[in-house]
Amino acid sequence: MLSVNQLNQFYGESHTLWDLDLNVPEGQCTVLMGRNGVGKTTLLQCIMGLLPARSGEIVYQGEPIQRRSAEARAPMGLAYVPQGRQIFPLLSVEENLRIGLPARADGMRAIPEFIFELFPVLSEMLGRRGGDLSGGQQQQLAIGRALVTDPKLLILDEPTEGIQPNIVALIGDIIRRLIGEIGLTVLLVEQKLPFARRVGDNFVILDRGRNVADGAIGELNDELIKQYLTV
């Protein structure tokens, strides 16, 4: 579904992504892993058009998109839940969800009912301000807002960070349900190994802006963990 080929990106004179290749198969969860500061979030922002790529190619469903604006990528079926959630704290839960509706290609202007089936707590808090929700509730809102856009590829940047264990389990269940029931494709940045192994089908490890290892999640062995993931 998504392939990144020979991608390079810089911050000023600092070379942050080095000839990076990535493949995200359709209908599966690919877990992007690596220590802090190796380029994971930078890569996601390049895929979404929030950062320009200096060179290389990003191909989504057979179409190069690296020159498309971020606004043009959302209606194509890409949705992004950034690290830290970034909901609108002064807007209500309902208003946060409705923000995603204009990105839908089908013109639908009602919040899909399945959002509330996945996250019942959101239906109970529609009038509450986003900033008044707990961290776990805000994460559910952020994922719900992304799903409102009717994506084909859902990109999640550390969705379990700072979240209580029961919500972490819920998010894992929902990821697998979305993949199994509607064929959603997921690209997930995750630091927690048990969660990655539970929800992932494939893994990619970044180190210093490069893809240094990838494969089926069952091939993520102790040697790779010690070399690239252990702090």
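Ordering 118-124, 161-167, 196-202, 143-149 by mean Cβ neighbour count within 10 Å, with the highest value first, yields 143-149, 196-202, 118-124, 161-167.
With r as the distance between the Cβ atoms of residue 132 and residue 169 and R0 = 35 Å, compute the FRET efficiency 1/(1 + (r/R0)^6) and round to 0.05. Let's see the in-between values first.
Numbers: r = 24 Å, r/R0 = 0.68.
Computed FRET efficiency for residue 169 and residue 132 comes out at 0.90.
Once divided by 2.2 N^0.38 Å, the Cα radius of gyration of the stretch 2-229 becomes 0.99. Fewest-first ordering of 228, 60, 80 by other beta carbons within 10 Å of each residue's beta carbon gives 228, 60, 80.
Taking label points 7 Å from Cα along the Cα-to-Cβ direction, residue 208 and residue 86 give a separation of 2.9 nm. Going by neighbour counts of Cβ atoms within 10 Å, the residues 192, 226 line up, fewest first, as 226, 192.
Remark on the stretch 19-150: hydrodynamic radius 16.2 angstrom, per the Kirkwood mean of 1/r across alpha carbon pairs.
When you work out D = kT/(6 pi eta Rh) for the stretch 81-147 at 37 °C and 0.692 mPa s, using the Kirkwood radius from C-alpha pairs as Rh and the Stokes-Einstein form, the result is 279 µm²/s. Report the far tail of the P(r) of the stretch 50-109, meaning the percent of Cα-Cα pairs longer than 13 Å. Within the stretch 50-109, distances greater than 13 Å cover 70 percent of Cα pairs. Computed as a quarter of the hull surface, the mean projected area of the alpha carbon convex hull for the stretch 1-81 stands at 5.4 nm². Each of residue 226 and residue 10 was given a label point 7 Å from its Cα along the Cα-to-Cβ line. The distance between the two points is 3.8 nm. Going by neighbour counts of Cβ atoms within 10 Å, the residues 7, 50 line up, fewest first, as 50, 7. What separates the Cα centres of the stretch 156-231 and the stretch 70-141 is a distance of 23 Å.
How large is the Kirkwood hydrodynamic radius of the stretch 174-231, counting all unique pairs of alpha carbons, in Å? Intermediate results must be reported in sequence, preceding the final value.
Numbers: mean 1/r = 0.0809 Å⁻¹.
This gives a value of 12.4 Å.
Values in this text are rule-based calculations from the coordinates and carry no lab data. Keep in mind it's a predicted model, so treat the numbers as computed, not measured. Cβ: placed from backbone, ideal geometry, glycine included. Neighbour counts: every protein chain shown.
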